[in-house]
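Heads up: the structure comes next, in structure tokens.
Any read-out appearing in this document is the output of simple, stated calculations on the displayed coordinates, not a laboratory observation. Model, not experiment: these values are computed from the prediction. Please note: Cβ atoms are built from the backbone with ideal geometry, for glycine as well, and neighbour counts cover all protein chains shown.
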Ligand code: FES
């Protein structure tokens, strides 16, 4: 596993989606206290950044364009119009460093082709 530092924990506000790009892959990070979750930042419905205006409800990020919500652990949508899951990624914390490996997603959702 090749993890790269993508953020510092201190720069992430709680329950606020934050976009980073790692090896060309856009990722949406969400901090919950001492835990950080990571999903692909592109909504599986249409080309839209989940971090761009997205809202966090419990363990889901809601797309700001048409309102589909995605679980931050398994990437599955819980509401239409999206029907496909989004890739999810493991996050490691090393002190204040937020580390991510986008080459090894934790589910089998397809990477968006748009
Ligand atoms: S682009 Fe996200 S729900 Fe339509």
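Computed quantities for the displayed model
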{"item": "Cα centroid separation - the range 87-114 against the range 47-84, whole Å", "result": "16 Å"}
{"item": "Residue-span extension gain [residue 64 to residue 35] - 0.36 nm each, minus C-alpha spacing", "result": "8.1 nm"}
{"item": "FRET efficiency for residue 113 and residue 10, using Cβ-Cβ distance with R0 set to 30 Å, rounded to 0.05", "result": "0.30"}
{"item": "Cβ-Cβ FRET estimate between residue 2 and residue 73, R0 fixed at 22 Å, reported to 0.05", "result": "0.50"}
{"item": "All-pairs alpha carbon distance profile, the chain, 5 Å steps from 0, percent", "result": "2, 14, 26, 27, 19, 9, 3, 0"}
